[in-house]
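Undergrad: Would you mind keeping the following structure in view while I ask a few things?
The values are calculated or read from the model by the stated rules, or taken from the named source; none is laboratory data. Not measured: the values here are computed from a predicted model. Positions of Cβ are backbone-derived with ideal geometry, glycine not excepted, and every protein chain shown enters the neighbour counts. Areas reflect the complete protein model, heavy atoms only, side chains present, ligands, DNA and RNA absent. Shrake-Rupley method; radii C 1.70, N 1.55, O 1.52, S 1.80 Å.
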Amino acid sequence: MIERASLITGNEGKAAEYATLLGIDVRAVKEDLIEIQSLDVVAVVERKVADAYAKLGVPVLVDDTGLAVNAWNGLPGALVAWFLGSVGTQGILDMAAGLTDRAATVTTALGYADANGIRIFTGTVQGTLATERRGTNGFSYDEIFVPAGGDLTFAEMPTEQKNLVSHRRLAVDALRAEFGLTGS
Ligand SMILES: O=c1[nH]c(=O)c2ncn([C@@H]3O[C@H](COP(=O)(O)OP(=O)(O)OP(=O)(O)O)[C@@H](O)[C@H]3O)c2[nH]1
């Protein structure tokens, strides 16, 4: 059972979503954490959350989220921040222009650590890359990712709608189920 935890992130978009999604007392804290080089968000978050707990010594939550394009064998995955920093969302769309299969997934790995050890919870949403940037809600690659089952990008959805179906929501649901948390 957890009652409160520090969310270690420098990403304001994540912090805003967790403030809504988690029904526990969460404090967002910025701290430089070790991020290994891997496409796999689970591998990245395992190291990140271990580092966070070693540094802070209090219950911590850490998120790593990636965008994996099927036709690129999972690239950029957890390395998406480098793509965004170099070429942005439009650059990703330009590179994908020749793809006939635009299927992609977004996955959140949510790590929790306390004195009892480390737990990792994941949430994945299947979808496709949009053909153009659309929408102004959300953040980052939300404007180029269309979750399966509809035509809207995450950035075209009202925040409440994204939070009902998002990869982060699914990861939080898995954590809630494990710890018996109610609410949201
Ligand atoms: O469209 C999006 N919808 C999301 O739901 C989402 N979650 C994260 N990201 C972006 O993915 C990159 C790697 O993120 P990331 O997990 O490496 O974290 P980060 O370095 O930004 O923050 P931190 O939590 O590690 O401090 C960063 O550009 C994030 O902005 C998202 N983009």
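Undergrad: So if each residue of separation counts as 0.36 nm, and I subtract the Cα-Cα distance between residue 94 and residue 139, what length gain in nm does that give?
TA: Working: separation 45, 0.36 × 45 = 16.20 nm, distance 1.92 nm.
Extra length available between residue 94 and residue 139 comes to 14.3 nm.
Undergrad: Multiply the residue gap between residue 70 and residue 164 by 0.36 nm, knock off their C-alpha separation, and tell me the result in nm, one decimal place. Could you put the intermediate results ahead of the total?
TA: Numbers: separation 94, 0.36 × 94 = 33.84 nm, distance 2.43 nm.
Taking residue 70 through residue 164 to full extension adds about 31.4 nm, to one decimal.
Undergrad: Starting from the Kirkwood radius over alpha-carbon pairs of the chain, derive D by Stokes-Einstein at 10 °C in a medium of 1.306 mPa s and give it in µm² s⁻¹.
TA: Values: Rh = 16.7 Å.
Here the translational diffusion coefficient equals 95 µm²/s.
Undergrad: Hey, another quick one. What's the carbon and sulfur percent of segment 15-133's accessible surface, probe 1.4 angstrom, rounded to a whole number? Can you show the working numbers first?
TA: Working: 2870 of 5750 Å².
On segment 15-133, the fraction of accessible area on carbon and sulfur atoms equals 50 percent.
Undergrad: Using a Förster radius of 41 Å, what is the FRET efficiency between residue 54 and residue 131 based on their Cβ-Cβ separation? Nearest 0.05, please.
TA: Values: r = 44 Å, r/R0 = 1.08.
Efficiency, from the Cβ-Cβ distance: 0.40.
Undergrad: In addition: With label points built 7 Å along Cα→Cβ from the Cα atoms of residue 177 and residue 29, find their separation and express it in nm.
TA: For residue 177 paired with residue 29, the spin-label model returns 2.9 nm.
Undergrad: Below 8 Å, C-alpha to C-alpha, sequence gap of six or more: please give me the relative contact order for segment 63-134 in percent. Walk me through the numbers before you get to the answer.
TA: Values: 109 pairs, mean separation 23.2, N = 72.
Over segment 63-134, the number comes to 32 percent.
Undergrad: Using 1/(1 + (r/R0)^6) with R0 = 25 angstrom and r between the beta carbons of residue 20 and residue 118, what's the FRET efficiency to the nearest 0.05? Before the final figure, lay out each step's value.
TA: Details: r = 25 Å, r/R0 = 0.98.
My answer for the efficiency is 0.50.
Undergrad: Work out from phi, with θ = phi - 60° and the Karplus expression 6.51 cos²θ - 1.76 cosθ + 1.60, the ³J(HN,Hα) of each residue of segment 74-86, listed in order in whole Hz, and give x for Gly and Pro.
TA: For segment 74-86, the Karplus curve yields x, 5, x, x, 5, 8, 4, 4, 5, 5, 5, x, 8 Hz.
Undergrad: I want to verify the translational diffusion coefficient of segment 19-80 in µm²/s; compute it with Stokes-Einstein, Rh as the Kirkwood radius over Cα pairs, at 20 °C and 1.002 mPa s.
TA: Numbers: Rh = 12.9 Å.
Translational D for this selection: 166 µm²/s.
Undergrad: In the chain, what % of DSSP beta bridges are antiparallel (nearest 5)?
TA: Values: 27 of 34 bridges.
Antiparallel: roughly 80 percent of the beta bridges in the chain.
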